[in-house]
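A short write-up of the structure that comes next.
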Amino acid sequence: MKIKLNLGAISEPLQSEKLKTGDWGTHYPVVDKEKCNGCKTCEQYCPDLCIEVKEVGEEKYAVVDYNYCKGCGICASVCPFEAIKMELKDIFKV
């Protein structure tokens, strides 16, 4: 008799890319491109790796991938230039 053991949360590689978790939160970060200087602090602290600093010409600013952002607000709290504000999602506005 063979017994199959399931080992907790182990999954096949690259499966997490299919799990878009952006709908989980109530708020989402909005980046003010005028205030953002591309320092990458938010990128370093984002627990879901959904913020990337992009360079467009001479401008550098943070871009959020809302497919994976859970709205934790860490990016807004660590931004030294206060360039990220958390906004309530439209579906939660009365």
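The values are calculated or read from the model by the stated rules, or taken from the named source; none is laboratory data. It should be emphasised that the depicted structure is a prediction, and the values quoted were computed from it without experimental measurement. Using ideal geometry, Cβ is built from the backbone for each residue, glycine included, and neighbour counts are taken over all protein chains shown. The accessibility values were calculated without ligands, DNA or RNA, using every heavy atom of the protein model including side chains. Shrake-Rupley method; radii C 1.70, N 1.55, O 1.52, S 1.80 Å.
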Notebook entry, point to check: Do any residues in the stretch 56-73 that are closer than 9 Å to P29 by Cβ have Cβ atoms under 7 Å from those of residues that are among the charged types (D, E, K, R) and open to solvent by less than 80 Å² (accessible area, probe 1.4 Å), where the two are at least six apart or on different chains, and which pairs are they?
Noted result: A62/E43; C69/D48
Item checked: The lone exception for M1 - which of (1) exposed (fewer than 13 other Cβ atoms within 10 Å of the Cβ); (2) touching a residue at least 40 places away in the same chain (Cβ under 8 Å) it fails -> (2)
Next item on the list: Output the residues belonging to the stretch 74-89 that are under 13 Å from the mean Cα position of the chain (by Cα) and aliphatic (A, V, I, L, M).
Entry: I74, A76, I84, M86
Notebook entry, point to check: For residues in the stretch 32-73 being of a type in the set (A, V, I, L, M) and open to solvent by 30 Å² or more (accessible area, probe 1.4 Å), which is farthest from the chain's Cα centre (by Cα)?
Noted result: V56
